[in-house]
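First up is the structure itself, then whatever we jot down about it.
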Amino acid sequence: MTLAQRIEEVQRTVARAARRAGREPNDVTIIGVCKTVDRDQVDAAYALGLRHFGENRVQDAARKFASPLADDAELHMIGQLQTNKVRVAAPLFDLFQSVDRPSLIDALEREGERLARRLKVLVQVNVAGEAQKAGCGIDAAPALLARVLESPHLAISGLMTIAPLVTDPEQVRAVFHGLRKLRDELCRSHPDATLDVLSMGMSDDYAVAIEEGATHVRIGRAIFQD
Ligand SMILES: *Cc1c(COP(=O)(O)O)cnc(C)c1O
């Protein structure tokens, strides 16, 4: 399949999953995770209509996007972010999806202040409670959300999770359901927070994630791998 065919196939799968859940296909944003490909593939995907791109390494992203994307495109930081990379990362990304600890919140806040910008963030939650995986525990999410809300140069947009690797995506439906449930609880306990974004679902499980309420799916292999 060509890049165009792979993008169309993902768009069709997104639309079908959205309709099954009684949702509009346009309510789901496809993020092309371009961490394994060079800039020419990103530009080709942009020319085919993709507007959101995800990277998991700051240094790779800094090199790949030394010449910035067009104004109507957005770059998402989806990988673990070390605080000593925040200075390089802050001007590069439109949304920081992997915010999972107080020290990172504070580093992003300092950098937002320095740039006189409000950085958009998601709190990443390790819903499945997998050991040694990124994301805060479900119990830690309320305190992290509160800390973001207290940070004048950060803007909370929602939550992100990475589901465990499984053979059948049905096995992780409960993880996606859990993130949505947590979002709904946090909306009740923090009425001042806007938590519209649920970033969940990757190449193998995004249809299930959409059925459970994903607003953003992060698709790498299904778009960028032959
Ligand atoms: C690589 C990556 C993806 C995309 O994974 P695929 O299985 O290739 O779709 C999504 N989210 C994160 C955080 C990633 O690191």
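Throughout, read-outs are computed from the coordinates displayed, never taken from laboratory work. If you're wondering where the values come from, they're calculated on a predicted model, not measured in any experiment. Quick reminder, even Gly has a Cβ in these numbers, built from the backbone with ideal geometry, and neighbours come from all protein chains shown.
Some values worked out for this structure:
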| quantity | calculated |
| --- | --- |
| Relative contact order (%) - criterion: Cα under 8 Å, at least six apart; region: the chain | 22 percent |
| Order by protection proxy (mean Cβ within 10 Å, highest first), peptides 212-224, 114-126 | 212-224, 114-126 |
| Dipole-positive endmost among Val125, Thr29, Met1 within region 1-125 (Cβ charges, Cα centre) | Val125 |
| Pairwise Cα inverse-distance average, inverted: Kirkwood Rh of region 14-137 (Å) | 15.8 Å |
| For the chain, with +1 on Lys and Arg beta carbons and -1 on Asp and Glu, the positive-most of Leu95, Ala116, Val10 along the dipole | Ala116 |
| Percent antiparallel among DSSP beta bridges (both partners in region 3-224, rounded to 5) | 0 percent |
| Span from the region 72-119 Cα centroid across to the region 173-196 one, whole angstrom | 22 Å |
| Cβ charges +1 (Lys, Arg) and -1 (Asp, Glu), total dipole of region 3-224, debye | 220 debye |
| Three-way shape call for the chain based on the alpha-carbon gyration tensor, with the a/c threshold at 1.5 | oblate |
| The chain, helix-only ellipticity at 222 nm - DSSP H runs n ≥ 4, -39,500 (n - 2.57), divided by all residues, nearest 500 | -11500 deg cm²/dmol |
| Lys pairs, the chain - Cα-Cα below 20 angstrom, 8 or more residues apart or on other chains | 6 |
| Loop-located GluC sites (Glu not before Pro) in region 121-201 whose Cβ has at most 11 other Cβ within 10 Å (DSSP) | Glu150 |
